[in-house]
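One structure is given here, and the rest of the page talks about it.
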Number of protein chains: 2
Amino acid sequence: MKKPPLGILISGHGSNLQAIIDAIETGFLSAKIACVVSNKKEAYGLKRAEKHRIPTHVIRHQDYPSREAFEKALIQVFDPYKIELVILAGFMRVLTPQFIRHYPHRIMNIHPALLPSFPGVEAIQQAYDYGVKVTGVTVHLIDEGTDTGPIILQTTVPLKPDDTLESLTERVHAVEHKLYPQAIQLFAEERLEIQGRKVLIKDS
Amino acid sequence: MKKPPLGILISGHGSNLQAIIDAIETGFLSAKIACVVSNKKEAYGLKRAEKHRIPTHVIRHQDYPSREAFEKALIQVFDPYKIELVILAGFMRVLTPQFIRHYPHRIMNIHPALLPSFPGVEAIQQAYDYGVKVTGVTVHLIDEGTDTGPIILQTTVPLKPDDTLESLTERVHAVEHKLYPQAIQLFAEERLEIQGRKVLIKDS
């Protein structure tokens, strides 16, 4: 079984990065984290990567004159690793069409809501404030819209009568940490087949 | 246990009406259908009601000069029945604020998607075409937006790999027919407490 090299982009805490590291170390996920790149040098996720001897890079967006220049630097870091899949794990920069086209159907994101409900930031709070009875988590491929790309997996998280924003947030994150490795594993097994905006999962 | 008189508005087939009739007859739902009103005289739901000796009325919207006049006629039909809850069951007319304010938090609707995803018409097809992995059904109170009112209950319907629009539609409808009577029963038990745009279910 081949292990596709992953390039993971972070900006902060990196709890989904940790979930991916753990899934690889326990043998659940057959992939290799080639490198972790942060646009912020103080991102705690960098420490997580170092602890597991994963190469890290800091590429500060403010050091570049444009989004395109910043992304060109990302691509230059990724290229020697022969990255097959880019994983967004709390990466707080919008990607341009230029970057997205460089990795067609090869950029994965996780969103803490049942898309297309509650796109954008603060999705868990959006759902909580709206008063939904069910929310969830979506893993999707990146396209040129905001949280609009083809959906790979979704899992639901029912609200409980006594939920606070905090208790709901905790359950949603726990689901994220299971779902993201599952979606990456499907990629590693070459079981994702994209048809238009639908993702078929082969042999499921 | 008191049985709140329901006024049910239909425009067509009336399969949710049938589910409500069945839930009452099997003792699952403690409510009384006071009358069924259709804006179309050929609506098959009228026949369903007649079969169960439920009073029916036809109020054709095109017989009235304005939405307000049409709705005034609806209210005049409902008033003698002392309707406590208006149930929209495939009623294909938009209601004006005037009507909605006449029955504050007393108009219920069912929507074949997990709102706020896929509001408006053809919701099942919208979800199918989008490529979601989970859709569902929402019962909500009517407010002055389109499918934006406070949510009472939601149930999920996972997509299957070999789903067609037809097979998905069938499963969504089956869930509707269970969920709508459940939501009405919560109303009958006076267990719905509206706080802003959230619906708390007491003693759950």
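Ascending distances from the B:Q195 label point to its copies in the other chains, with the point 7 Å along the Cα-to-beta-carbon line: 4.6 nm. In plain terms, the C-alpha convex hull of the range B:101-204 casts an average shadow of 6.8 nm² when viewed from every direction. Per-residue shielding of A:148-160, expressed as the average number of other chain Cβ atoms within 10 Å of the residue Cβ, stands at 3.
For the peptide B:112-122, the mean number of other protein chain Cβ atoms found within 10 angstrom of a residue's Cβ is 3. Across the range B:5-201, C-alpha contacts under 8 Å between residues 6 or more apart give a mean separation that, scaled by the residue count, equals a relative contact order of 20 percent. Computed across the range A:1-86, the Kirkwood radius stands at 13.2 Å (inverse of mean 1/r, all Cα pairs). Inter-copy label distances at A:M92, shortest first and taken from points set 7 Å along Cα to Cβ: 4.9 nm.
Taking a straight Cα-Cα cut-off under 21 Å and skipping sequence neighbours fewer than 8 places away in the same chain, the lysines within cross-link reach of A:K133 are A:K160, B:K133, B:K178, B:K198, B:K202. Each other copy places its own label point for A:P5 at 7.6 nm from this one, sorted shortest first, where the point lies 7 Å along the Cα-to-beta carbon line. With semi-axes defined as the square roots of five times the eigenvalues of the C-alpha gyration tensor, the equivalent ellipsoid of the protein assembly as shown measures 50, 20, 19 Å, largest first. Note on chain A: GNM, Cα springs under 10 Å; of A:H140, A:H173, A:H111, the largest mean-square fluctuation is that of A:H173. Per-residue mean of foreign Cβ neighbours for A:125-133 is 5 (Cβ atoms of other chains, 10 Å radius).
Estimated from helices alone, the mean residue ellipticity of chain B at 222 nm is -10500 deg cm²/dmol (sum of -39500 (n - 2.57) over DSSP H runs with n ≥ 4, per residue).
The alpha-carbon of B:K2 sits under 16 angstrom from the alpha-carbons of these aspartates and glutamates, leaving out residues fewer than 8 places away in its chain: B:E25, B:E84, B:E189, B:E190. For the residues A:P119, A:P150, A:P97, a GNM of chain A with alpha-carbon springs under 10 Å puts the largest fluctuation on A:P97. Heavy-atom accessible surface of A:C35, to the nearest 10 Å², is about 0 Å², with a 1.4 Å probe and all protein chains retained.
Rolling a 1.4 Å probe over the heavy atoms of the protein chains gives the range B:144-204 an accessible area of 51 Å² per residue. For chain B, rounded, prolate or oblate, judged on the Cα gyration tensor with a ≥ b ≥ c (square roots of eigenvalues), a/c < 1.5 rounded, else prolate if a/b > b/c? Taking the square roots of the gyration eigenvalues as a ≥ b ≥ c, chain B is rounded. The share of accessible area on chain B that comes from carbon and sulfur is 52 percent, using a 1.4 angstrom probe. Does the range A:136-184 come out rounded, prolate or oblate by the C-alpha gyration tensor, with a ≥ b ≥ c the root eigenvalues, rounded set by a/c under 1.5 and, if not, prolate when a/b is larger than b/c and oblate if not? Prolate is the answer for the range A:136-184, as a/c is 1.5 or above and a/b outweighs b/c.
The values are calculated or read from the model by the stated rules, or taken from the named source; none is laboratory data. Owing to the predicted nature of the structure, the values given are computational and were not obtained by experimental measurement. Because the Cβ atoms are built from the backbone with ideal geometry, glycine has one as well, and the counts that use them run over all protein chains shown. SASA here: full protein model, heavy atoms, side chains in, ligands and nucleic acids out. Shrake-Rupley method; radii C 1.70, N 1.55, O 1.52, S 1.80 Å.
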